[in-house]
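Computed from the coordinates by the stated procedures, all read-outs in this text should not be read as laboratory data. Remember, predicted model here, so these are calculated numbers, not experimental data. Note that we place each Cβ from the backbone using ideal geometry, even for glycine, and neighbour counts take in every protein chain shown.
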Amino acid sequence: MAKNRKKQFILIFLLLILVVEVVFLVRRMTLDKKASQTLASVTSEKLVIDQSLKELSDKSLENYATNQELLTTSNKTQQQVEKSIKTVDDISNISGKVKHQKSQLLTELQKDAKMIQMVQNKIKTSQEMTDIFGTKPFSKNALVKNLAITKSISPTLKNELISQVSALPKDEQRAALEEGVKELTSQNQLLATLDKEMATYIQNKKVKTVPSSEEYKKLDKEVSGLKNDKLKKTYATQLSLLEQEVIKNDPTLLDDDKKVALTFDDGPNNTSSLQILNTLKKYDIKATFFMLGSMVDTYPDVVKKIHDAGHEIGNHTYDHKDLTKLDEASIKQEIDSTNQKIEKLTGEKPTLLRPPYGAYNDRVTKVEPNMSIALWNIDTLDWKTHNPTAILGEVKKELQPHSIVLMHDIHQDSADSLENVIKYLKSQGYTFVLAKELIN
């Protein structure tokens with residue numbers, strides 16, 4: 001009897017073990033099935049993530065800089081990746097085969113997380129640079145020449161930009177962003193130096209200490225080195241205060257102000273504009289050409305020649321309308337269409353606007369707040385007299401330090417008079433600069 005009971009006990013025990021194993025196996029199979037379904041669902045979601053990442057990664061820096069929606073898209077993609085990683089990471093109590101699938105998918109998602117972080121760094125950095133430079137800083141993933149920061153940046157922001165860029169893989173886009181950081185860091189340092197130096201001489205908009213002539217010249221050179229016209233104008237106001245005091249001690253300082261800018265309106269064409277270009281080359285002089293968009297359309301090759309020769313190109317509207325008689329939409333069309341045409345040909349967007357007839361009002365400056373109005377203080381009246389002798393006579397009569405000379409490169413008489421104008425200006429000890437250096 002005892003022996004039979006023992007056998008029964010052993011049999012029951014074995015049956016219990018079998019039941020437990022079956023229950024465990026069923027539960028494992030259930031968990032594996034549920035995990036496999038979850039992994040399959042996340043894998044499907046990953047296809048959407050991969051497509052989004054591909055579209056984001058294929059964008060140029062120009063797209064990153066100008067398309068505000070890309071940052072929103074990248075943030076949504078990042079949230080999808082983080083959600084998928086958490087979903088996969090939470091899967092537990094699974095068999096070896098499913099564990100391998102989980103591990104493989106988790107690794108791929110972590111790669112996606114790194115990629116989306118890289119894309120976000122590019123978007124944030126390029127958009128921050130757009131704000132700092134106040135214009136589109138990239139064209140075909142290359143920095144536009146002569147970018148100018150529009151404001152000072154904090155050490156925190158500078159370090160953030162450096163950190164974002166250094167985390168990127170080495171490629172053309174990183175190289176372009178590095179150049180951007182280098183450029184804005186250099187210009188920002190110059191602003192900090194200028195602020196410190198100006199504070200030595202000026203307090204509460206009044207001169208507290210008069211600099212020496214050499215110290216003033218150093219400040220003047222630093223201000224001239226600024227690339228942004230609005231910043232330059234701010235410091236030029238302070239320089240003017242200092243100059244009045246410095247001249248009292250050293251009147252010869254006025255001799256250093258003998259600067260003149262030659263400017264040409266209404267072109268270009270393929271005759272007199274080219275003659276003017278050759279004359280300027282002969283005397284190694286750089287000038288400023290204020291072009292009409294309609295003429296840019298007609299003579300794109302001449303636009304390129306002028307730009308490639310190192311001359312400055314400004315905007316003179318599309319077809320020479322009086323901007324004060326237009327509404328804001330029409331003003332914007334006149335100016336923006338011309339800017340776009342010039343930038344497409346030269347890679348550089350004009351920063352100077354010369355309104356036709358010199359006429360502008362608050363509507364004009366409101367529509368284009370980032371462009372500087374560039375007028376003149378010597379009108380040669382070449383458009384009226386068409387006489388080389390009379391043109392030179394106007395220059396002689398009106399000449400003064402910091403003169404901006406208005407001529408028109410579409411008139412043959414203007415082209416014929418240019419050499420004598422240059423000879424006279426040189427005989428009076430004048431040096432030639434671009435208009436942007438004098439408009440402030």
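Numbers for the structure displayed
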{"quantity": "Whether the range 243-325 is rounded, prolate or oblate, judged on the alpha carbon gyration tensor where a/c under 1.5 counts as rounded", "calculated": "oblate"}
{"quantity": "Listed candidates (1) 26, 53, 19, 2, 0; (2) 24, 50, 24, 2; (3) 20, 39, 21, 11, 6, 3, 1, 0 - label of the one calculated as P(r) over Cα pairs in 20 Å bins from 0, in percent", "calculated": "(3)"}
{"quantity": "Helical contribution to [θ] at 222 nm, DSSP H n ≥ 4, -39,500 (n - 2.57), averaged over the chain, rounded to 500", "calculated": "-21500 deg cm²/dmol"}
{"quantity": "Those residues of the range 274-302 whose amide nitrogen sits under 18 Å from the label point placed on GLN412, 7 Å along Cα→Cβ", "calculated": "274-279"}
{"quantity": "Fewest-first ranking of ARG5, ARG174, ARG363, using other Cβ atoms within 10 Å as the exposure measure", "calculated": "ARG5, ARG363, ARG174"}
{"quantity": "Between 0 and 90°, nearest 10: helix 96-133 axis offset from the chain longest Cα axis", "calculated": "20 degrees"}
{"quantity": "Fraction of antiparallel bridges per DSSP, the chain only, in percent to nearest 5", "calculated": "15 percent"}
{"quantity": "Acute angle (nearest 10 degrees) that the helix 388-398 long axis makes with the longest principal axis of the chain, alpha-carbon atoms", "calculated": "80 degrees"}
{"quantity": "For the range 251-297: rounded, prolate or oblate by the Cα gyration tensor [a/c cutoff 1.5]", "calculated": "oblate"}
{"quantity": "Listed peptides 288-296, 181-189 by packing density, highest first (mean Cβ within 10 Å)", "calculated": "288-296, 181-189"}
{"quantity": "For the chain, size of Cβ-based charge dipole, Lys and Arg +1, Asp and Glu -1, in debye", "calculated": "3360 debye"}
{"quantity": "Per-residue Cβ neighbour rank within 10 angstrom, fewest leading, ASP308, ASP409, ASP322", "calculated": "ASP308, ASP322, ASP409"}
{"quantity": "Mean separation of Cα contacts under 8 Å, 6 or more apart, over the residue count of the chain: relative contact order %", "calculated": "13 percent"}
{"quantity": "Neighbour-count order for HIS100, HIS402, HIS316, fewest beta carbons within 10 angstrom listed first", "calculated": "HIS100, HIS402, HIS316"}
{"quantity": "Cα shape, the range 372-438, gyration tensor, a/c 1.5 rule", "calculated": "oblate"}
{"quantity": "Cα-Cα pairs of the range 326-404 separated by more than 15 Å (percent)", "calculated": "65 percent"}
{"quantity": "Acute angle (nearest 10 degrees) that the helix 412-427 long axis makes with the longest principal axis of the chain, alpha-carbon atoms", "calculated": "80 degrees"}
